[in-house]
1. Could you work out how far helix 109-129 tilts from the main Cα principal axis of the chain, as a 0 to 90 degree angle to the nearest 10?
2. Hey, what angle do you get for helix 8-21 against the long axis of the chain, alpha-carbon based, 0 to 90 degrees rounded to 10?
3. If amide hydrogens are placed 1.01 Å from N in the peptide plane, which non-local residues have theirs closer than 5 Å to the one on Met40?
4. Please compute the contact order of the chain in relative form: average sequence separation of alpha-carbon pairs under 8 Å and at least six residues apart, divided by the residue count, as a percent.
5. What whole-number volume per residue, in cubic angstrom, does the convex hull of the C-alpha atoms of the stretch 8-129 give?
6. Between beta-carbons, use under 14 Å as the cut-off and find the net charge around Phe79, counting Lys and Arg +1, Asp and Glu -1.
Amino acid sequence: MEPVKLDMQRGRRIFQKLLRLGPDLDRVLLHAKSSAPGFMDLQLDILECSPLYRRIMLGCYWSHPSGVIPDPSMTIAVFFDREAAEALTYRDADRYEVAYTAPDEPPDLETHTRLNVFLERWLAALAEQGHVFRRGDRHTI
C-alpha cells in the first residue's frame, strides 16, 4: 500500500487562517463565540485539549422547529507544534463526512482533500465577514 500524501502546505495555511480568527486559540479552554454584523454567529468548542494539540468544533448554527441545524459545522485538529491544522469532519443540514474512517489508519484522501479545501475557503470567508475570537471574551480564558 502506497503512503497517503497529505498537503502539508494547505495544513499550514489553514493553521494561519485559524489564528486570524482566534489569535489566542491556544488559550481557549472550553468555548468561544464570535459575532459579525449581518452574519450568523460562529461558535468554537474545544473537544480535546493538550499543550500542543486541540481538537475543536467550529460552526454556525440556525434554529429550526426540529432543533439546531449546523450550517456548517466542522471538527478540526490543530497542531501547535507543527503550526498546522486539518479538517476531520464536516456536517450541515444534508450530510456528514469523515476524513478518517478508521482509527490509526490514514484518511480517505479524496474526502480529506475535499474537506480541507472547503475549510481553507470557509476560514477566509469568515475572516472577511469580520469574525474573530477576542482575548478577554467571557468564554475564552
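Computed from the coordinates by the stated procedures, all read-outs in this text should not be read as laboratory data. None of the values given here were measured: they were computed from a predicted structure. Quick reminder, even Gly has a Cβ in these numbers, built from the backbone with ideal geometry, and neighbours come from all protein chains shown.
1. In the chain, helix 109-129 runs at an angle near 20 degrees to the longest axis.
2. 10 degrees
3. Amide H neighbours of Met40, under 5 Å, 5+ apart: none.
4. Taking the mean separation of contacting Cα pairs over the length of the chain, I get 28 percent.
5. For the stretch 8-129, the hull spanned by Cα atoms encloses 116 Å³ per residue.
6. Working: positive: Arg10, Arg12, Arg13, Arg54, Arg55, Arg82; negative: Asp26, Glu48, Asp81, Glu83, Glu86.
Taking every Cβ under 14 Å from that of Phe79, the sum is +1.
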